[in-house]
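As structure tokens, the structure follows; a few thoughts come after it.
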Amino acid sequence: MENSTLNGKGLKLGINGFGRIGKLTVWQNAERKYFDELVVNVGREIGTSLKDIAHYAERDSTYGLIHGFLHGYKAKPVIHDLDEKNGTMTIDGTRVRFLRSERNPADIGWSDYDVRLVVDTTGQFLDPTLPASSPGGSARGHLDSGAEKVILSAPFKIKDKGTPMPEDAVTTVMGINENDFDSRHHKLISNASCTTTCLAHMIKPLLDVLGSKRILSASMATIHAATGSQVVLDKLPKTGKTDLRKNRSIMNNIILTTTGAAKALSLVIPEMEEIGFIAESVRVPTSTGSLIILVINIQEELKGEQLRREFLNNIYHQAAEDDPNRYLHYSEKQNVSGDIIGTPRAAAIIEGHETHTRTAEVSIDMGQVPNLPKEISLALKDTFVRIPVTQAVIYGWYDNELGSYVNMLSDRMISIAETL
């Protein structure tokens, strides 16, 4: 999707929240120039004036200055025309309006600014079952406030585990199942997470070639950069919090935590429901640039090419070549996390240099297999059978902020805007 050639037809984009994802979304859309205006709700006064918002918008400790991002290191500042009364400025020619009063989505008043599409980057309103009138706010409040479609920059989280997903809500990952979005029915769209995005693009090529039946089990661990929810120095946990590690200094520790990537993956790739899958997460003291270590156990076929490193790397190399969006990248280089920061629209960068496989025979007691047909069990002379299984380890890099996630989030915004 070459978005620079598209025309937003006068559409305005609403952005709720101006944290890491919110700010970088402004950067992305200042570069793409698809939307005529960006309306950013920060929900409160920032610093002492609009100048402080401009100061924050202009610079980033990870990605540098916005004018450098847009035009190279020789570029001049691109933020101009600050209007304190109206809360507006221009960023590289794009008009950006900042709203500084309402925190509850239902009270923002998107219709007052002709905003039809909103992306919520706060990470606060993730339960699609909550009504607009819910205390503390909900994603549906944006709809009551005038938006027609709402994109969440995080996975849905339904608090009542027995409540089904509403029919007007859908989870998509660009390049995987973006066509599951139906403009006639869906109003709330989760863009999943940065980890799920990378993982989906690592799993999909394997399923396309091997099928789900041959993949016996899978697990992943993401070595993930720090996020805004972590703390710089140790502090006491809030009332009722049970995970004490999230209150430890990210500057000084490797911190074990959880990820919902396994659950979200099955929403975008339903075949994963057939495969036993475990997902874990480890936070490390870097600002961005994360890694998935994927371990899969695959049943070997009696005939055909064995699943060796070269075979698997060829799957990814070919998939990257065939990807019309260029979301999947394949690399034979010896990368470190800093090398992939800012790589545009790279959902996953496969580190082919580090793909490993090992094949061994595994003993299975057929007598313990549930629902085994009686005629098969009677025909077996020995209930123990040995089958060849290959364990493969595959590494995939992703820039969990600007390079991967926000780029693809912006693709999702534009693809939905085209349906309005």
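Rule-based calculations on the coordinates, nothing more; no lab input. Computed from a prediction, not measured in an experiment: that's the story for all the values here. FYI the Cβ positions are ideal-geometry reconstructions off the backbone, even for glycines, and counts take in every protein chain you see.
List of remarks:
- From the alpha carbon centroid of segment 147-209 to that of segment 345-407 is 25 Å.
- Sequence-distant residues sharing a close amide H with Thr171 (under 5 Å, placed H): Ser190
- Packing here is the average count of other Cβ atoms within 10 Å per residue, and on that basis the peptides 260-271, 342-353, 73-84, 203-214, highest first, run 342-353, 260-271, 203-214, 73-84.
- Shown here for segment 353-420: trypsin sites (Lys or Arg not before Pro) in loop regions (DSSP other than H, G, I, E, B) with at most 15 other Cβ atoms within 10 Å, namely Lys381.
- Packing-based order for 286-294, 96-104, using average beta carbon neighbours within 10 Å, highest first: 286-294, 96-104
- Note on segment 237-301 and segment 81-101: Cα centroid distance 38 Å, given to the nearest whole angstrom.
- Taking other residues whose beta carbon is less than 10 angstrom from the beta carbon of Ser133, and scoring Lys, Arg as +1 and Asp, Glu as -1, yields 0.
- Choice from Leu244, Leu216, Leu143 showing the highest fluctuation, given a GNM over the chain with Cα pairs closer than 10 Å: Leu244
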